[in-house]
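First comes the structure, then the notes that go with it.
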Amino acid sequence: MLFRIDFAGAEPLFRQLADQIRAAAARGDLRPGQRLPSARELADSLDISLHTVLHAYQELRDEGLIELRRGRGAVLTGAAAQDLRQLRDALTSAAAEAKRRGLSLDTTIGLLKEAFR
Amino acid sequence: MTGQHSPVPHRLLTAVLTIVVPLLFAAGAVIWVLSFAAELPDPVAVHWGADGRPDGFGPWQSAIGMMILIALLMCGLAAAIGIRSGRAAATRRLAVFLGLWSGIALPWFIAGTLHLQRGLADARQAPDVNPALWAGFAGAALIAAVGALLVPGDARMPAADAVPADAIRLRLSDSEAASWRRSVEIPGFHWIAGIGGVATVVLAVLGLWRGMLWADLWAGTVGFLTVLLVALGRWRVVVDHTGLTVSPLISRPRTHVPLDEVVQAEVGSISPLGDFGGWGYRVGREGTVGIVVRSGEALTVQRTGGRNLAITVDDAATGAALLNTLADRARRR
């Protein structure tokens, strides 16, 4: 998969990374049992600190999306098999509607947060 | 693919390793056979059946003569590949391996089967030649691998021109870093590894416990092929700020193309038999180095000095686009 990090982005780097892995799992690009690159390799490859990658992996482990095993690295769990197509479709149409009304991303996320409560 | 007009380096060394050294080994095999030719039965066994018993007979001169002829043809082919299109070190290494292996394995295998018949009154008593076959082939592979390691690596050749404007690109702002990683494996990789491993253990136990030599020989054969398929059956492809890196499970042979040596990356399609004559780590047309584990979508990279590379991998479009984009960035620095 393609990992990308925007150093000028508003989100912290570890969150950008975690979000991409979540999105890839939701799209089905990452499947249960599949292994993520080791934290050391990914850190070197993106030229970021090891700590950042580990932070992202730990967050994903706490959510149950990946398992961290000594020597085997990070492996996607069964939770990654969840079919999120319907949710993605709904969010795509929500995003289209927000754009049509000229709402900013922050405002839209604010509405989503409200709906989550 | 371009680059046919770039010079081919190290031609003399390639010729020595693909022709001269194999010829010396072949001559050595002939001299060895001549030293005991008087003690050979006439005719000698020249072919063995699946049961390990001889089933074909002929004069020893034609047996070794024929094998040397085949070896010479193979060495000639290897020399032609290495001298005409050995622009990349990997192409020269593969050519040297082919030349050395053919020039050593074939004559020395025949010499070995003749040696086993020394002193026999009748060639029908000739023993099983499987051990000689494997010893000859494995020994030759070892020497050929050493020869391939003697081949000098790629010279640094930064590109002079920009990546062509019509090459595919990825939207990537200057504040962004990106890393594309994929692994690609032969279809049924896990099945091959599992079944091959179990079969090896069962055959080895059978051979040792029951003292069945054929089972041990098969265990060796199946085990060797399984290890080879596992070692070269799965590759990892990475595009990042260092360039393109491709390596198998055992991490060698590793191919690395620095960003400033990328002329252009594209998406291609590979037919293993048509383009590379088979699967694995191979040489194709114009010396293109191919990492071919299946047919279909491939990432193809033109590198400076006329060195071309092709890797079968899914989502090659993203990999090629990122490689071109990062190569642009490296040129601006």
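The values are calculated or read from the model by the stated rules, or taken from the named source; none is laboratory data. The model shown is predicted, which means the values in this text are computed figures rather than measured ones. Here Cβ is always computed from backbone atoms with ideal geometry, including for glycine, and neighbour counts include all displayed protein chains.
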Can you report the number of residues in region B:183-219 which are assigned to a helix (DSSP H, G or I), out of contact with any helix residue (DSSP H, G or I) (no Cβ under 6 Å at 6 or more places or on another chain) and buried (at least 17 other Cβ atoms within 10 Å of the Cβ)? 1
Given B:Leu259, B:Leu249, which one is within 14 Å of chain A (Cβ to nearest Cβ), in contact with a helix residue (DSSP H, G or I) (Cβ under 7 Å, 6 or more places away or on another chain) and without any contact (Cβ under 8 Å) to a residue 24 or more places away in the chain? B:Leu249
If you scan region B:98-115, which residues turn out to be surrounded by 24 or more Cβ atoms within 10 Å (Cβ to Cβ), hydrophobic (A, V, I, L, M, F, W, C) and under 30 Å from B:Val257 (Cα atoms)? B:Leu100, B:Trp101
Within region B:155-209, residues over 32 Å from the mean Cα position of the chain (by Cα) and within 30 Å of A:Ala43 (Cα to Cα) come out as B:Ala162, B:Arg169, B:Leu170, B:Arg171, B:Leu172, B:Ser173, B:Asp174, B:Ser175, B:Glu176, B:Ala177, B:Ala178
Which numbered condition trips up A:Ala8, out of (1) without any contact (Cβ under 8 Å) to a residue 24 or more places away in the chain; (2) surrounded by 15 or more Cβ atoms within 10 Å (Cβ to Cβ); (3) not hydroxyl-bearing (Ser, Thr, Tyr)? (2)
Can you give me the ranges of the strands (runs of 3 or more DSSP E) entirely in region A:1-106 with at least 2 residues that are within 12 Å of chain B (Cβ to nearest Cβ)? A:2-6
Output the number of the condition that B:Ala165 fails; it satisfies all remaining conditions of (1) modelled with pLDDT under 90; (2) surrounded by fewer than 19 Cβ atoms within 10 Å (Cβ to Cβ). (1)
Options B:Pro152, B:Pro127: the member that is closer than 27 Å to B:Gly49 by Cβ and not in a helix (DSSP H, G or I): B:Pro127
Of the listed residues (A:Leu54, A:Leu65), the one being buried (at least 16 other Cβ atoms within 10 Å of the Cβ), over 29 Å from B:Gly243 (Cα atoms) and not assigned by TED's automatic domain parsing to the domain that holds A:Leu112 is A:Leu65
Among the residues of region B:249-265, how many are buried (at least 20 other Cβ atoms within 10 Å of the Cβ) and not aliphatic (A, V, I, L, M)? 3
State which residue pairs qualify: first residue surrounded by 14 or more Cβ atoms within 10 Å (Cβ to Cβ) and inside region B:126-147, second residue assigned to a helix (DSSP H, G or I) and among the small types (Gly, Ala, Ser) in any location, beta carbons under 6 Å apart, and separation of 6 or more residues or different chains. B:Ala132/B:Gly112; B:Gly136/B:Ala105; B:Gly136/B:Gly112; B:Phe137/B:Ala105; B:Ala140/B:Ala105
Consider B:Arg210 carefully, then state whether it is charged (D, E, K, R) and under 27 Å from B:Thr255 (Cβ atoms). no
Is it the case that some residue within region B:173-182 is in contact (Cβ under 8 Å) with a residue 40 or more places away in the chain, away from chain A (no Cβ under 14 Å), surrounded by 11 or more Cβ atoms within 10 Å (Cβ to Cβ) and not in a helix (DSSP H, G or I)? no
